[in-house]
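Reading through the structure tokens given below for one structure.
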Amino acid sequence: MGPVDQWAADLAAWAIPQAIVDAAPESPWFHDPAAFAVNDTLVRHSVSAVMAREALSPLGTVLDVGVGGGRASLALTPEVRRIVGVDSNVHMLASFRQASESLGVPALGVLGSWPDVALEVEAADVVVCHHVLYNVADIAPFICALTNHAIRRVVVEVTTGHPTSAMNAAWLHFHGLVRPTSPTWREAEEVCIALGLEVDAQVSPSTATRATVPSSVAFVRRRLCLPESRDAELTEWLAAHPMPSSGEVATLWWPGAARVR
Ligand SMILES: C[S@@+](CC[C@H](N)C(=O)[O-])C[C@H]1O[C@@H](n2cnc3c(N)ncnc32)[C@H](O)[C@@H]1O
């Protein structure tokens, strides 16, 4: 199996058994827009920001795919002339619009799933895409569309392992379920190489600071499909098995291939 098919197979293995999903009081896949909002913790000197800014100079345009609240692209201000943010979640886009307005950056939000909406979106000097790839099973068209929309560079950031892998021990404890350990950023890099991209990569400590603490009982309870009635047990378990609040991220970057200007 090649890296592209391996990626899809690895992600499919993360599916939560249907019986557990059916019994869950809340959707385990909910992303709280508040957790991805831009606030005063925006980090402007992360490896990903430095790599993007290098290709933006002097005052370039940015396309941010899976924009969320805009933390990836708004960290590049003031070197940005305009940002287009694409997201399939209308609440995330509203948060992005609000943040770009308060920072005074010209911005456009496009509602839709990438790459389905790619034809509606203009190329930009730099395309950024942070913390989205582990959601994307059909990775080849997704990455090709990023590349074809970048005039100078694509910068992708992912956690080094699957974002919920910190909860693997908890899944085993509360559901007796062994969770996968792949894909990781290495498999993402292999996909890029298989697609013929001249990809560079750097691993660095995560600089993410979010409004919602990913180790909070409410957050973990929801992800684990547990009812509130198990909170006391979960609190005790988390106290004995603390989750890392932030780990490492990998920045992957490669040259863009957009023909237009
Ligand atoms: C984990 S959040 C990251 C948000 C932001 N990039 C950040 O780093 O703070 C992932 C975002 O990608 C969006 N998303 C996931 N898959 C997408 C797709 N195929 N097309 C557009 N948006 C997508 C989700 O709605 C969510 O807002």
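Please treat every number below as a calculation from the coordinates, not as lab data. Note that the structure is a prediction, hence the values are computed from the model and not measured. Here the Cβ is made from the backbone with ideal geometry for all residues, glycine too, and neighbour counts use every protein chain on show.
A few points about this structure:
- Unique residue being within 11 Å of the ligand (Cβ to nearest atom) and not acidic (Asp, Glu) when the list is Val158, Val127, Val154: Val158
- Checking Asp87 against (1) crowded, with 22+ Cβ neighbours inside 10 Å; (2) within 21 Å of Leu252 (Cα to Cα); (3) over 15 Å from the mean Cα position of the chain (by Cα), the condition it does not meet: (3)
- Scanning segment 1-13 for residues that are within 28 Å of His175 (Cβ to Cβ) and in contact (Cβ under 8 Å) with a residue 40 or more places away in the chain turns up Gln6, Trp7, Ala8, Asp10, Leu11, Ala12, Ala13.
Every residue, every condition in (1) under 21 Å from Gly112 (Cβ atoms); (2) charged (D, E, K, R); (3) surrounded by 24 or more Cβ atoms within 10 Å (Cβ to Cβ), yes or no:
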| position | (1), (2), (3) |
| --- | --- |
| His31 | yes, no, no |
| Ala34 | no, no, no |
| Asn39 | no, no, no |
| Arg44 | no, yes, no |
| Met51 | no, no, no |
| Pro58 | no, no, no |
| Gly70 | yes, no, yes |
| Glu79 | no, yes, no |
| Ile83 | yes, no, yes |
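- Subset of segment 90-112 that is free of Cβ contacts under 8 Å to residues at least 60 places away in the same chain, surrounded by 16 or more Cβ atoms within 10 Å (Cβ to Cβ) and within 12 Å of the ligand (Cβ to nearest atom) - its residue that is farthest from Arg71 (Cα to Cα): Val110
- Number of positions in segment 67-89 that are over 17 Å from Ala55 (Cα atoms), of a type in the set (Gly, Ala, Ser) and in a loop (DSSP other than H, G, I, E, B): 4
- Within segment 14-26, the set of residues being touching a residue at least 12 places away in the same chain (Cβ under 8 Å), in a loop (DSSP other than H, G, I, E, B) and surrounded by fewer than 13 Cβ atoms within 10 Å (Cβ to Cβ) comprises Pro17, Pro25.
- Residue that is surrounded by the fewest Cβ atoms within 10 Å (Cβ to Cβ), among those in segment 123-145 that are of a type outside the set (Ser, Thr, Tyr) and in contact with a Pro (Cβ under 8 Å, 6 or more places away or on another chain): Pro141
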